[in-house]
Amino acid sequence: MALEADLEKTAHTGNRVATLDNASASDVKDVAPTDEEEFQPPDGGLTAWSQVLAGCLVNMLSWGYPSTFGVYQLYYRDTLKLPEAQISWIGSLQTFLAFATCTFSGRLADAGFMKSTMAVGSFLTVFGSFITSVATEYWQIFLAQGVCTGLGLGIIFMPPLAVINSYFKAKRSFALAIAATGTGIGSVVFPALVQYLIPQIGFPWAVRCSAFVALFLAVAAILLLRPRLKPRKLGPLVEWEAFKEGPYVLYTLGSFLFFWALYFGFFYINAYARNFIGFSTMDSVQLLLITNGLSVPSRPLIGFLADRYMGPINAFTTATLFLGVMLFAWIGVGTRTGMYVFSVFFGLANGAAQGVFVGSLASLTKDPRKMGTRFGMVCTIVAFATLAGPPTAGAIIDRSGGSYLWAQVWAGLVIVLSSLVLAAARCAATGYRFKIKI
């Protein structure tokens, strides 16, 4: 009798579990872990850190590749004999499209099309580069390097960020900051590659060599990428509900102001060094390489501090304020030595600020499956800031008779204002509790 009772009890329990399983399958279909109890990333391990490596390779391509445009601009000016303002539109459009397409590529990443999205972006980037190597007219270069390559860089950028975010929680800012070091490394490798190969093998093959390096980076990143979360197939291209969240709106506004003035330094540090300090063209390019190179060590350092002590938004706010101070300090630079010292600290400050740019939004995103969409939306808005920033600075310089003073003041004020808005985003998320790590 006891055995029969146990069997009956077991059968009843099995039927009840089966019923619950069937109910669960219908009720939670297409739902991935989103809260603190269910979302438990490994926070380490070979697979997780290989995703960071993939992100580093993609950042080398997505943001290191556009840093070469300063070298291209000098070459186009000497060969095409076009005004620098007209040539700069190629680089500005490339950066704009690299940001603007992030909404689309971010949503595709959330939907699970990681590798296919990266494959399309890789093809456009490499194809645009090869076409640039044979282009001889301004409109050809504009379409190949500005449009085609710019679209490719933006499409390939988002998938690794969404994947890294799903593998880390406690070490998320550190992991994203290490991935961001690729930006600094690429900003040294690609400009140096083109700059020093042009005299050796000519412009066309120098561009093709950089395209082959880009192809290698893209293929390696695609092979390394291992998506972890269940795709979010359903959902809008733009998550309008995010704009009802005060912290997200303030973060987006702060990021817009940050990128509005950020590229002033990168676009004009060469011209300032040549026109006011007496640098040669080659020395001014080396100055830019120093600035980009020094941004590499500060990225993992700020990521470590953000995870261990400060929190990503607190770190982003502090680093942005420091960058604003450095732009004000630029006003007092008047010697070659001062220019080198400034480029070192400007590179460190810029690397620190950009190193926690992504991690800051990740700390405000509760559902990791929405990271691609939400961050893509920010990047698309920021794209208009990157498009308007350098022309704004150029207009101020022209109105000032060639003086950089008021452009430097403008950039410093905008970056400082950005840090204040980011501080407001932090307060909107936590209240006026200043000891909270977020």
> When both residues are 6+ apart or on different chains and their Cβ atoms are under 9 Å apart, which pairs have a first residue that lies in region 266-295 and is of a type in the set (D, E, K, R), and a second that is not in a helix (DSSP H, G or I)?
Replying inline: Arg274/Ser280
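Against the definition (open to solvent by 50 Å² or more (accessible area, probe 1.4 Å), closer than 20 Å to Val58 by Cβ and modelled with pLDDT under 90), how does Phe174 come out, yes or no?
Numbers: open to solvent by 50 Å² or more (accessible area, probe 1.4 Å): yes; closer than 20 Å to Val58 by Cβ: yes; modelled with pLDDT under 90: yes.
For Phe174, the condition - open to solvent by 50 Å² or more (accessible area, probe 1.4 Å), closer than 20 Å to Val58 by Cβ and modelled with pLDDT under 90 - is met.
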> Scanning for something open to solvent by 40 Å² or more (accessible area, probe 1.4 Å), under 20 Å from the mean Cα position of the chain (by Cα) and in contact (Cβ under 8 Å) with a residue 40 or more places away in the chain, does region 301-316 turn up at least one residue?
Replying inline: yes
> Taking only pairs six or more apart or across chains, which ones have beta-carbon atoms under 7 Å, a first residue in region 152-173 that is more than 17 Å from Tyr65 (Cβ to Cβ) and among the aromatic types (Phe, Trp, Tyr), and a second residue that is modelled with pLDDT of 85 or more and assigned to a helix (DSSP H, G or I)?
Replying inline: Tyr167/Ala48; Tyr167/Gln51; Phe168/Ala48; Phe168/Ala175
> Which residues, taken from region 359-377, are open to solvent by 20 Å² or more (accessible area, probe 1.4 Å) and in a helix (DSSP H, G or I)?
Replying inline: Arg369, Lys370
>> Being open to solvent by 50 Å² or more (accessible area, probe 1.4 Å), under 9 Å from Ile415 (Cβ atoms) and either of a type outside the set (Val, Ile, Thr) or assigned to a loop (DSSP other than H, G, I, E, B) (or both) is the filter here; which residues of region 317-327 pass it?
In response: Leu321
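Can you confirm whether region 190-202 contains a residue that is closer than 21 Å to Phe357 by Cβ and either open to solvent by 10 Å² or more (accessible area, probe 1.4 Å) or in contact with a Ser or Thr (Cβ under 8 Å, 6 or more places away or on another chain) (or both)?
Filtering region 190-202 down to residues closer than 21 Å to Phe357 by Cβ leaves 190.
Then drop every residue that is not either open to solvent by 10 Å² or more (accessible area, probe 1.4 Å) or in contact with a Ser or Thr (Cβ under 8 Å, 6 or more places away or on another chain) (or both), which leaves 190.
So far as region 190-202 goes, yes, one or more of its residues are closer than 21 Å to Phe357 by Cβ and either open to solvent by 10 Å² or more (accessible area, probe 1.4 Å) or in contact with a Ser or Thr (Cβ under 8 Å, 6 or more places away or on another chain) (or both).
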> Within the bounds of region 408-427, is there any residue that is without any contact (Cβ under 8 Å) to a residue 12 or more places away in the chain, part of a helix (DSSP H, G or I), within 30 Å of Gly146 (Cα to Cα) and open to solvent by 10 Å² or more (accessible area, probe 1.4 Å)?
Replying inline: no
> Can we say Thr380 is assigned to a helix (DSSP H, G or I) and open to solvent by less than 10 Å² (accessible area, probe 1.4 Å)?
Replying inline: no
> Given the structure, is Ala218 in contact (Cβ under 8 Å) with a residue 60 or more places away in the chain, among the hydrophobic types (A, V, I, L, M, F, W, C) and either within 28 Å of Met114 (Cβ to Cβ) or surrounded by fewer than 17 Cβ atoms within 10 Å (Cβ to Cβ) (or both)?
Replying inline: yes
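The values are calculated or read from the model by the stated rules, or taken from the named source; none is laboratory data. Computed from a prediction, not measured in an experiment: that's the story for all the values here. Counting neighbours? That spans all protein chains shown, and the Cβs are built from the backbone with ideal geometry, glycine included. Each accessible area value is taken on the protein alone, full model and side chains, heavy atoms only, with ligands, DNA and RNA left out. Shrake-Rupley method; radii C 1.70, N 1.55, O 1.52, S 1.80 Å.
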